[in-house]
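S.K.: The structure's right below; bear with me while I get my questions together.
The values are calculated or read from the model by the stated rules, or taken from the named source; none is laboratory data. Quick caveat: nothing in here was measured; it's all calculated off a predicted structure. Cβ coordinates were reconstructed from backbone atoms using ideal geometry, including for glycine residues, and neighbour counts include every protein chain displayed.
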Amino acid sequence: MRLVLATRNEHKLREVAEILDGHELLPLPDEVELPPEDGDTFEANALIKARAARDATGLPAIADDSGIAARALGGRPGVRSARYAGEDASDEENLEKLLREVEAAGDDHRVAYVCAIAHIDGEGTEQVFEARCEGELTLEPRGTGGFGYDPAVIPLDTGPDDDRTMAELSPDEKHAISHRGRAGRLLAERLGAS
């Protein structure tokens, strides 16, 4: 099945393509301008992007919105994860801000990655698949894999004796437990049933 993925983020395109192996994933054409992600939930933002991609291309579309929610910060940065340190902030700047604020807030380093993937099929039917990956922040980032906040997130699913960050896991290990991997598998099950 051919699907347009409403992103220009190369890391995200590669991850979703690996998760949806067997489906032809097309990048968002350069001329398509996505509207602002001004929803107050991951689901709302994913739908904004998927609708824009489908309307512009006429093809079935998927879009994800994802981020990290820190317990000590009342769920921030949440839907602002990609822009936490400012509109043009780098991954490193966003991560530095999160670590600084969580450390200042006390001893609670619990976080959750959240991902919502919206799918709009050829008939215009909309579905959203949401999943989470619970973890804890390490204040000393480690690893070269992944992107975004991965160097500072130790996932709980690897077990109490494994203190590797998401950035230290192999791609297969990460996909097996990540928020995007879980939401992507829910989508893949739906696509397989179509």
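S.K.: Would you confirm whether or not the stretch 139-153 contains a residue that is closer than 18 Å to Glu15 by Cα, modelled with pLDDT under 95, of a type in the set (S, T, N, Q) and in contact with a Pro (Cβ under 9 Å, 6 or more places away or on another chain)?
M.R.: Among the residues of the stretch 139-153, at least one is closer than 18 Å to Glu15 by Cα, modelled with pLDDT under 95, of a type in the set (S, T, N, Q) and in contact with a Pro (Cβ under 9 Å, 6 or more places away or on another chain), which makes the answer yes.
S.K.: Can you tell me which residue among Arg164, Arg110, Arg142, Arg190 is closer than 20 Å to Ala6 by Cβ and among the charged types (D, E, K, R)?
M.R.: Arg190
S.K.: Is it the case that Asp157 is out of contact with any His (no Cβ under 8 Å at 6 or more places or on another chain) and surrounded by 22 or more Cβ atoms within 10 Å (Cβ to Cβ)?
M.R.: When the stated conditions are applied, Asp157 does not pass them.
S.K.: Would you call Ala44 farther than 22 Å from His175 by Cβ and among the aliphatic types (A, V, I, L, M)?
M.R.: Judged against the criteria, Ala44 is a match.
S.K.: Follow-up. Being assigned to a loop (DSSP other than H, G, I, E, B), surrounded by fewer than 14 Cβ atoms within 10 Å (Cβ to Cβ) and charged (D, E, K, R) is true for just one of Asp172, Asp163. Which residue is that? Break it down into steps so the answer makes sense when it comes.
M.R.: Numbers: Asp172 fails: assigned to a loop (DSSP other than H, G, I, E, B).
Checking each option against the conditions leaves just Asp163.
S.K.: Of the conditions (1) buried (at least 20 other Cβ atoms within 10 Å of the Cβ); (2) within 12 Å of Leu28 (Cα to Cα); (3) of a type outside the set (Gly, Ala, Ser), Leu59 satisfies every one except a single condition; which number is it?
M.R.: That leaves (1) as the condition not met.
S.K.: Of (1) closer than 19 Å to Ile177 by Cα; (2) without any contact (Cβ under 8 Å) to a residue 40 or more places away in the chain; (3) not polar (S, T, N, Q), Ala70 satisfies all except one. Which?
M.R.: Answer for Ala70: the failing condition is (2).
S.K.: On to the next question. Any residue that is assigned to a strand (DSSP E or B), on the phi < 0 side of the Ramachandran plot, surrounded by 14 or more Cβ atoms within 10 Å (Cβ to Cβ) and not hydroxyl-bearing (Ser, Thr, Tyr) - is there at least one of those in the stretch 72-95?
M.R.: Yes, the stretch 72-95 contains a residue that is assigned to a strand (DSSP E or B), on the phi < 0 side of the Ramachandran plot, surrounded by 14 or more Cβ atoms within 10 Å (Cβ to Cβ) and not hydroxyl-bearing (Ser, Thr, Tyr).
S.K.: Scanning for something crowded, with 17+ Cβ neighbours inside 10 Å, under 18 Å from the mean Cα position of the chain (by Cα), of a type outside the set (Val, Ile, Thr) and part of a helix (DSSP H, G or I), does the stretch 98-106 turn up at least one residue?
M.R.: Scanning the stretch 98-106 turns up at least one residue that is crowded, with 17+ Cβ neighbours inside 10 Å, under 18 Å from the mean Cα position of the chain (by Cα), of a type outside the set (Val, Ile, Thr) and part of a helix (DSSP H, G or I).
S.K.: Here is a follow-up. Could you please find all residues in the stretch 121-164 being in contact with a strand residue (DSSP E or B) (Cβ under 8 Å, 6 or more places away or on another chain), among the hydrophobic types (A, V, I, L, M, F, W, C) and touching a residue at least 60 places away in the same chain (Cβ under 8 Å)?
M.R.: Of everything in the stretch 121-164, those that are in contact with a strand residue (DSSP E or B) (Cβ under 8 Å, 6 or more places away or on another chain), among the hydrophobic types (A, V, I, L, M, F, W, C) and touching a residue at least 60 places away in the same chain (Cβ under 8 Å) turn out to be Val128, Phe129, Leu137, Val153.
S.K.: How many of the residues in the stretch 1-60 are assigned to a loop (DSSP other than H, G, I, E, B) and among the polar types (S, T, N, Q)?
M.R.: The total comes to 3.
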